[in-house]
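Notes follow once the structure below has been shown.
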Ligand SMILES: Cc1cc2nc3c(=O)[nH]c(=O)nc-3n(C[C@H](O)[C@H](O)[C@H](O)COP(=O)(O)O)c2cc1C
């Protein structure tokens, strides 16, 4: 049985190109309900104009993930929420207010939308008509300089509207700076995050941004924070929580095999994307090169399952 070592909850951060249903299935099978996963950002228009394909491509029948959406037109958000209210496999909508990418910025979505406080408010008023859980993901500030007023006024808005769960990427977002630099150049500021938790004790604020080492976990633990959103580290080293001795994962092979079996009826199955997600579970293993080479020539799920069953990778 897999054991909890500390009572902590984790969230797999939404990541375009990574948190597709293959990777989410892998994480969900490995960590069970210790990690809630988030889809890649999905623009509301895609749901409005191509509902069935968008949902069935991003979510498996046995979906456990939250959907992350982006939008900036309150009427479109209203239509999107009406659609999502009819989709039973979804139980949590997260709204993106932090993405700085230029395409997102051009459409006034994500971080760019936060330049317009009143429009954010109108969008959130539509969002809260979702019948299950609603949360927001945002940055700690806009631009290079620390601006407590930005995050305090937004947290105040979320709180008043009734959105209590907020994932905060603990660094500012900068418009007109590319996405990669936006994840490295603005400095991480966990102190301002903890200040937010003190100012808004009635809210559930979850830190994100380089939460990937014991020192950071211990810092947050000392502040009574025990929920974390983690992105890149899960995709670099799927088992890092075990390596840090924060979680224990036994019987890895059947868990990995279950993540493949969960894709059985998946209409959009792409074996290369499936292997890409499996490779993350093999990173940092001494013989990972050889295993990846073996896997690279496999082109169907049945042979993948046979390979994992036969090769005793984690025995
Ligand atoms: C490749 C990539 C794609 C991302 N796509 C999204 C996205 O679709 N929505 C979002 O809110 N954040 C996105 N992010 C930001 C992550 O959710 C997270 O906030 C960021 O990586 C910092 O967390 P980390 O240091 O744990 O990776 C993305 C990050 C990466 C690396």
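The values are calculated or read from the model by the stated rules, or taken from the named source; none is laboratory data. Treat the numbers as computed from the prediction; the structure is a model and nothing was measured. Quick reminder, even Gly has a Cβ in these numbers, built from the backbone with ideal geometry, and neighbours come from all protein chains shown.
Can you go through 149, 129 and tell me which one is loosely packed, with under 14 Cβ neighbours inside 10 Å and part of a loop (DSSP other than H, G, I, E, B)?
Values: 149 fails: part of a loop (DSSP other than H, G, I, E, B).
That would be 129, the only listed residue that is loosely packed, with under 14 Cβ neighbours inside 10 Å and part of a loop (DSSP other than H, G, I, E, B).
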- prompt: Got a number for residues in region 35-54 being farther than 22 Å from residue 231 by Cα and touching a residue at least 24 places away in the same chain (Cβ under 8 Å)?
  reply: 5
message: Taking the conditions exactly as written (closer than 23 Å to residue 77 by Cα, touching a helix residue (DSSP H, G or I) at 6+ places or on another chain (Cβ under 6 Å) and touching a residue at least 40 places away in the same chain (Cβ under 8 Å)), does residue 154 satisfy them or not?
response: no
task: Only residues that are outside any helix (DSSP H, G or I), within 16 Å of the ligand (Cβ to nearest atom) and farther than 16 Å from residue 28 by Cβ: list them for region 232-282, please.
output: 237, 244, 246
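Could you grab me the full set of residues in region 72-117 that are on the phi > 0 side of the Ramachandran plot and at pLDDT 95 or above? Give the derivation first.
Of the residues in region 72-117, the ones on the phi > 0 side of the Ramachandran plot are 108, 110.
Matches in region 72-117: 110 only.
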query: In region 43-57, is there at least one residue being within 12 Å of the chain's Cα centre (by Cα), over 23 Å from residue 255 (Cβ atoms) and not assigned by TED's automatic domain parsing to the domain that holds residue 283?
result: no
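Residues are listed down the side, and each one gets a yes or a no for (1) away from the ligand (no atom under 15 Å from the Cβ); (2) under 25 Å from residue 122 (Cα atoms); (3) part of a loop (DSSP other than H, G, I, E, B):
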site	(1), (2), (3)
17	no, no, yes
28	yes, no, no
33	yes, no, no
40	no, yes, no
48	yes, yes, no
56	yes, no, no
63	yes, no, yes
67	no, yes, no
Residue among 267, 252, 275, 289 that is in contact with a helix residue (DSSP H, G or I) (Cβ under 7 Å, 6 or more places away or on another chain) and over 30 Å from residue 169 (Cα atoms): 267
Residue match in region 194-202 (condition: away from the ligand (no atom under 16 Å from the Cβ), at pLDDT below 95 and either closer than 19 Å to residue 137 by Cβ or not assigned by TED's automatic domain parsing to the domain that holds residue 139 (or both)): no
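Kindly provide the set of residues from region 152-165 that are out of contact with any strand residue (DSSP E or B) (no Cβ under 7 Å at 6 or more places or on another chain) and either within 11 Å of the ligand (Cβ to nearest atom) or assigned to a helix (DSSP H, G or I) (or both), ordered by number.
So the first thing to find is which residues in region 152-165 are out of contact with any strand residue (DSSP E or B) (no Cβ under 7 Å at 6 or more places or on another chain), and the list is 152-153, 156-157, 159-162.
Matches in region 152-165: 152, 153, 156, 157, 159, 160, 161.
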query: Is one or more of the residues making up region 220-227 surrounded by fewer than 15 Cβ atoms within 10 Å (Cβ to Cβ), free of Cβ contacts under 8 Å to residues at least 24 places away in the same chain, assigned to a loop (DSSP other than H, G, I, E, B) and out of contact with any helix residue (DSSP H, G or I) (no Cβ under 8 Å at 6 or more places or on another chain)?
result: yes
message: Any residue that is surrounded by 20 or more Cβ atoms within 10 Å (Cβ to Cβ) and part of a strand (DSSP E or B) - is there at least one of those in region 102-110?
response: no
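Which members of region 166-176 meet the condition of being surrounded by fewer than 18 Cβ atoms within 10 Å (Cβ to Cβ) and either closer than 26 Å to residue 221 by Cα or within 16 Å of the ligand (Cβ to nearest atom) (or both)? If you could, list the steps in order and put the result at the bottom.
Within region 166-176, the subset surrounded by fewer than 18 Cβ atoms within 10 Å (Cβ to Cβ) is 175-176.
Result: 175, single match.
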Selection from region 189-209 of residues that are in contact with a strand residue (DSSP E or B) (Cβ under 9 Å, 6 or more places away or on another chain) and assigned to a loop (DSSP other than H, G, I, E, B): 200, 203, 209
